[in-house]
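Enquirer: Would you mind keeping the following structure in view while I ask a few things?
Derivation of every value follows stated rules applied to the coordinates shown; laboratory data play no part. Quick caveat: nothing in here was measured; it's all calculated off a predicted structure. All Cβ positions, even for glycine, are placed from backbone atoms using ideal geometry, and neighbour counts span all protein chains on display.
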Amino acid sequence: MSAKIIDGVAIAKSVRAGIRDRAQKLQKETGVTPGLAVIIAGDNPASKVYVRNKVRACEDAGINSQTISFPGDVSEEELIAAVGKLNDDPAIHGILVQLPLPPHISVRHVLEAISVEKDVDGFHLYNVGGLVLGDTVFPPCTPYGVQKILEHEGIDVTGKNVTVVGASNIVGKPMALMLMQKEATVAICHAKTRDLTLYTILADILVVAAGHPNLIVPQMIRSGTVVIDVGINRLPDGSLVGDVDFEGVKEKAAAITPVPGGVGPMTVTMLLDNTVSAAERAAGRA
């Protein structure tokens, strides 16, 4: 029996409708329109596409957005100064620095310059540390999107065995912490994990964010597993695939997210959610 295909596009559309309602209510009752500023440096084609998509999503959600573009040879000092100005701008409630940055710039220094109250990407050390204690201001968008997908599908993680494949600071580590807060039993695997199947085969829920196409094959999971594929990889023929062998694994899983159309739309959606939350906090409504 084939798995249920989780429609991330439909879930995102539903969640964004609620975000748009909140933004409109805030504007009507307080005169405050949520504002997001996106900083981009360099000419990375993929980054430009991502920024365009985020700006379009903001428009649809009733969020004002502005994009601040810098050349690839921008200095770290200039970027940090731009962040400082946005920190002081009351019309801006969220600041996003599009990664990757040019190699001569310290990502950590730039991200740490963002005010905690405007760190809608959830990358500031305060927000990352808050995940450990359970009181982060803004959760990182991709793990937050995964959490919302599970909630929307009625998949309770409490007491479940969850394996997270991939230990990045952006997805894997915060995802594991967020699942632990929901009282899941979490194993987190990475490039040096020996016998990966030993961990994936135990999972009731498998979250894969390894950046390795078709890493997870059917024999690595048991029947009835919920599989969340965060990976997105472009093959030589131009096609996009996830980290999971979708066609094979869907014949054993209970539910699975496709690539594209699964977790991706939810990442941008949770950025919008965090931005509206930041505006609500600034207006004393949260």
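Enquirer: When ranked by the protection proxy of mean other Cβ atoms within 10 Å per residue, highest first, what sequence do the peptides 214-222, 230-238, 38-46 form? Please report the intermediate quantities before stating the final value.
Expert: Working: 214-222: 18.6, 230-238: 13.9, 38-46: 16.8.
Highest-to-lowest ranking by the protection proxy: 214-222, 38-46, 230-238.
Enquirer: Under the definition of Cα pairs under 8 Å and six or more residues apart, what whole-number percent is the relative contact order of segment 31-115? It would help to have the intermediate numbers written out before the result.
Expert: Details: 115 pairs, mean separation 36.0, N = 85.
Reported as a whole number, the value is 42 percent.
Enquirer: I would also like to ask the following. Which of Ala23, Ala253, Ala82 moves most in a GNM of the chain, Cα contacts under 10 Å?
Expert: Answer for the Gaussian network model of the chain: Ala82.
Enquirer: From the Cα gyration tensor of segment 31-115, with a ≥ b ≥ c the square roots of its eigenvalues, which class applies: rounded if a/c is under 1.5, or else prolate if a/b is larger than b/c, or else oblate? Kindly include the intermediate steps, with their values, before the conclusion.
Expert: Values: a/c = 2.54, a/b = 1.32, b/c = 1.93.
Cα axes put segment 31-115 in the oblate bin.
Enquirer: Could you work out the helix-only [θ] at 222 nm for the chain, with each DSSP H run of four or more residues adding -39,500 (n - 2.57) and the total divided by the number of residues, to the nearest 500 deg cm²/dmol?
Expert: Working: 10 runs with 118 residues, N = 286.
Only helices count here, giving -12500 deg cm²/dmol.
Enquirer: Between segment 17-37 and segment 136-182, how far is it from one alpha carbon centroid to the other, in angstrom?
Expert: About 27 Å separates the Cα centre of segment 17-37 from the one of segment 136-182.
Enquirer: Scan the chain and note any complete DSSP helix (H) whose C-alpha atoms cover at least 27 Å along its axis and whose Kyte-Doolittle average is 0.0 or more.
Expert: Working: long enough: 8-30 (32 Å, -0.57); 264-282 (28 Å, 0.28).
Once both thresholds are applied, what remains is 264-282.
Enquirer: Report the Cα-based extents of segment 48-192 along its three principal axes, largest first, to the nearest Å.
Expert: Principal-axis extents of the Cα atoms in segment 48-192, largest first: 47, 38, 28 Å.
Enquirer: Which order do Phe70, Phe246, Phe138 fall in if you start with the one that has the fewest other Cβ atoms within 10 Å?
Expert: On the way: Phe70 17, Phe246 21, Phe138 27.
Listing Phe70, Phe246, Phe138 from fewest to most nearby Cβ atoms yields Phe70, Phe246, Phe138.
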